[in-house]
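What follows is a short report on a single structure.
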Amino acid sequence: MSTLTSSAGLSFTQLVFSDLERYRPDRPANWPRVLIQCIGHPGMVASIILRAQQKAHQAGRTRLAFVLRSVGMYLLSADFVPGMDVGPGLLMPHPNGIVIGNGLRVGANVTFGGGITAGVKQPDAPPEDGFPEICDGAIVLANAVLAGPVRIGNYAQVGANTVVLSDVADNAVVFGVPAKKVATRKAIIPGSYEEIAPAP
């Protein structure tokens, strides 16, 4: 059964450090390492902005959360709409063009490629119509679109330029418009390499 680890109970520092560990799992996390990582990896800058915005929104500081949204857009062309819940260990190696809606739920150790969009299916539909859920260990590659209340299972992989309109099973690799299963991915430890077997 799919699991979706929340950010509940984790501090800003814990969330930022969990994101840093996706880049350097072999070293202890601390603020000097975060700052060094920011020099060469815009994804770390994106993580700091997203985490600050996330904690501001959870604390009821909505205006600050929307200011941080603008900061993300100006610096990285990444649009993180306040209100989403993103679990620990988010990796965004290419944050430019990422657009995530305010009702998005993301689990632990998820990877986002550049230019992905995850939000409601219809822009004029009420928010309760549903946002995507991305479960633990999933990978969503460049320019993928997740539309509406779809669920991306544990360790699933969504291929580049794929449009997902329905649920993706655990460990499935999907590709195409609309998404179609093309392979199976092993559940792996974040940061390691995995085998991908063709779909039966």
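The values are calculated or read from the model by the stated rules, or taken from the named source; none is laboratory data. This one's a predicted model, so the numbers in the text were calculated from it and none came from an experiment. Please note: Cβ atoms are built from the backbone with ideal geometry, for glycine as well, and neighbour counts cover all protein chains shown. Ligands, DNA and RNA are excluded from the accessible area calculation, which covers all protein heavy atoms including side chains. Shrake-Rupley method; radii C 1.70, N 1.55, O 1.52, S 1.80 Å.
General remarks:
- Under 5 Å from the amide H of THR184 lie the amide H atoms of VAL173, ALA197, ALA199, each residue being 5 or more positions distant or on a separate chain, with H modelled from the backbone and absent for Pro and chain starts.
- Distance from the alpha carbon centroid of the stretch 85-148 to that of the stretch 9-61 works out to 18 angstrom.
- Computed helical MRE - 222 nm, the chain, DSSP H runs ≥ 4 contributing -39500 (n - 2.57), nearest 500: -8500 deg cm²/dmol
- For the set LYS121, LYS55, solvent exposure ranked by accessible area (probe 1.4 Å, protein chains only) runs largest to smallest as LYS121, LYS55.
- Pair TYR74, ALA169: separation of 7 Å Cα→Cβ label points (nm): 4.8 nm
- Label-zone membership for the stretch 3-27, site LEU64, 7 angstrom Cα→C-beta point, backbone N under 12 Å: 12
- Contact order relative to length of the chain, as percent, for alpha carbon pairs under 8 angstrom and 6 or more apart: 15 percent
- Antiparallel content of DSSP bridges confined to the chain, in %, to 5: 25 percent
- Report note on the peptides 103-116, 10-23: ranked by the mean count of other C-beta atoms within 10 Å, highest first, their order is 103-116, 10-23.
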